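Participant: Sharing a structure here in C-alpha cells format.
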Amino acid sequence: MNPTPGPTASGARLLDGRAASQELLDALRREVEVGVAAGRPRPGLATVLVGEDPASQVYVRNKRRACEKVGIRTFHLDLPADVGQEGLLRHVRDLDEHPEVHGILVQLPLPKDGGYDENEVLAAISPEKDADGFHPVNQGRLMLGQPGPRPCTPRGVMHLLDRTGEELTGRHAVVVGRSNIVGKPVALMLLERHMTVTVCHSRTRDLAAEVGRADVLVAAVGVPELVKGAWIRPGAVVVDVGINRRPEGGLVGDVEFDAAAERASWITPVPGGVGPMTIAMLLRNTVEAAWGPLAMP
Ligand code: GUN
C-alpha cells in the first residue's frame, strides 16, 4: 500500500493551470526572442480550420493569439466545410512543404457530413511538423518511449503533475477515458514515469472502485461530473481534463469539483486547469519542431 498524505485542513490545494501556462508562455517568449536574435528561424505554426463550428473557431483563434504573444508566426487556412478530403489533403501537403511552417495543426473534429477521413489527414502532415503529436508515427514513438512531439493535453497534464512535487514512481494512476488524443497517450506518459496505470472507460464494471485506488486520477471522458467526489481516495491528486457545458450555463469538468476537493491533496479547477496548458504545450511543440527540444522544464 502506498503512503498517501491526508487532506489538508482547508481541503485540496488548487493546481492552477492559468498560472502554470502563463509561466510557460513567458519562458517561451524569452526563448523565441533570444533564439531569433541569435539567428534561428522564427518558429511558424499553420492552423487549418474546416467549416464553421463555433467552438473550433474559438479554439483556433485562442491558439493563434497565443502564438502572436510568444513571437511565433502564424499561417491560417479557413476552409469551407465542403472543401472535401482531396482538397483538404492538397492544402495540408502545401503547408507541409512550406519552409517557414514548422508546425501544422488541423483542428478536430472535421465536419461530420463532409466524408472526411481524419486519420488520412493527420498522416498527411510530416511527423516532424506534427504540432499536435497526433501523427501515427508520433503516437508510435510515444508507445515505444522514443523522442518525438507528444500530444499537447497529455503533456500539459504531466507538467501540472510535476508542479505538485508529488512522487509519481511506483504509485497508482487511474485514467478515466481512452481517447486517442488524451486517455491513451496520457496513460503511456504516466507509465513512462513509472506509475502503475489503470485505464477505465464506458464498459468498466466498477468505476467507483477503480477511481478509489488512484493516487493520481486523470479524468478525460467528457461526461459532466461523472466522477463523484466520494470516490476519490483521500490525498489523491485529481486532474480533470473535461470541459463540459452545463445546460443552465457555465462549465463543469468530469469530476464533481466541490466534493472531490474535500478529499484530494491537489485538484485542477475547470475552467483554468488543464485547458490553458494545452495551448502552452502546442506552442512549445511548435518551437521544438523548429529548433529541437528546449532545455526549460
Ligand atoms: N480538438 C480538440 N482538441 C484538439 C487538439 O488538441 N488539437 C486539435 N487539432 N484539435 C482538437
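Participant: Would you mind telling me the share, in percent, of accessible area of the chain contributed by carbon and sulfur at probe 1.4 angstrom?
Facilitator: C and S fraction of accessible area: 52 percent.
Participant: Before anything else, pin down the relative contact order of the chain: Cα pairs under 8 Å, at least 6 apart, normalised by residue count, whole percent.
Facilitator: 23
Participant: For region 190-243, rounded, prolate or oblate, judged on the Cα gyration tensor with a ≥ b ≥ c (square roots of eigenvalues), a/c < 1.5 rounded, else prolate if a/b > b/c?
Facilitator: rounded
Participant: Computed on alpha carbon atoms, what radius of gyration and Dmax characterise the chain, expressed in Å?
Facilitator: Computed over the Cα atoms of the chain, radius of gyration and Dmax are 19.3, 59 Å.
Participant: With a 1.4 Å probe and all protein chains kept in place, how do Arg233, Arg205 rank by accessible area, largest first?
Facilitator: From most accessible down to least: Arg205, Arg233.
Participant: Within the P(r) computed for region 14-74, what percentage of the Cα pairs occupies the region above 13 Å? Spell out each step's value before the answer.
Facilitator: On the way: 1232 of 1830 pairs.
Percent of Cα pairs beyond 13 Å in region 14-74: 67.
Participant: Highest mean first, how do 208-219, 79-90 rank when packing is the count of other Cβ atoms within 10 Å averaged over residues?
Facilitator: So the order, starting with the most tightly packed, is 208-219, 79-90.
Participant: Moving on to the next point. Calculated FRET efficiency, Lys69 and Val34, Cβ-Cβ r, R0 25 Å, to nearest 0.05?
Facilitator: 0.95
Participant: May I ask you to derive the FRET efficiency for Leu294 and Arg245 from their Cβ-Cβ distance with R0 = 25 Å, giving the value to the nearest 0.05?
Facilitator: 0.15
Participant: Give the accessible surface of region 1-117 per residue, rounded to a whole number of Å², with probe radius 1.4 Å and ligands, DNA and RNA excluded. Can you show the working numbers first?
Facilitator: Values: 6580 Å² over 117 residues.
For region 1-117, the solvent-accessible area averages 56 Å² per residue.
Participant: So, one more: Please report, in debye to the nearest 20, how large the charge dipole of the chain is about its Cα centre when each Lys and Arg carries +1 at its beta carbon and each Asp and Glu carries -1 there.
Facilitator: That gives a dipole near 580 debye.
Participant: If contacts are Cα pairs under 8 angstrom and at least 6 residues apart, what is the relative contact order of region 151-231 in percent?
Facilitator: 34
Participant: For a quick check, take a GNM of the chain with Cα springs below 10 Å and name the residue from Gly235, Gly165, Gly253 with the largest mean-square fluctuation.
Facilitator: Gly165
Participant: Moving to a separate point now. What's the ranking of 243-251, 37-45 by average number of surrounding C-beta atoms within 10 Å, highest first?
Facilitator: 37-45, 243-251
Participant: Compare the Cα positions of Ile232, Thr164, Pro136 along the charge dipole of the chain (+1 at Cβ of Lys, Arg; -1 at Cβ of Asp, Glu; about the Cα centre) and return the one farthest towards the positive end.
Facilitator: The listed residue farthest towards the positive side: Thr164.
Participant: For region 137-187, just say rounded, prolate or oblate: build the C-alpha gyration tensor, square-root its eigenvalues into a ≥ b ≥ c, call rounded for a/c under 1.5, and beyond that prolate if a/b exceeds b/c, oblate if not.
Facilitator: Prolate, since a/c reaches 1.5 and a/b exceeds b/c.
Participant: Could you work out how much longer the chain between Val137 and Leu14 gets when fully extended? Use 0.36 nm per residue separation minus the Cα distance between them, nm to one decimal.
Facilitator: Taking 0.36 nm per residue and subtracting the Cα distance, the gain is 40.7 nm.
Participant: Additional query: Mind running the shape call on region 50-113? Use the C-alpha gyration tensor, a ≥ b ≥ c as the square roots of the eigenvalues: rounded below 1.5 for a/c, prolate if a/b tops b/c, oblate otherwise.
Facilitator: It is oblate, given that a/c is not under 1.5 and a/b is not larger than b/c.
Participant: Give the long-range amide H neighbours of Phe75: residues separated by 5 or more places, or on another chain, with amide H under 5 Å away, using H modelled in the peptide plane at 1.01 Å from N.
Facilitator: Excluding prolines and chain starts, which carry no amide H, the hits are Leu45, Ala46, Thr47.
The values are calculated or read from the model by the stated rules, or taken from the named source; none is laboratory data. All values reported here derive from a predicted model rather than from experimental measurement. Neighbour counts are summed over all protein chains in view; Cβ atoms, including those assigned to glycine, are modelled from backbone coordinates with ideal geometry. These area figures cover heavy atoms from the full protein model, side chains too; ligands, DNA and RNA do not enter into them. Shrake-Rupley method; radii C 1.70, N 1.55, O 1.52, S 1.80 Å.
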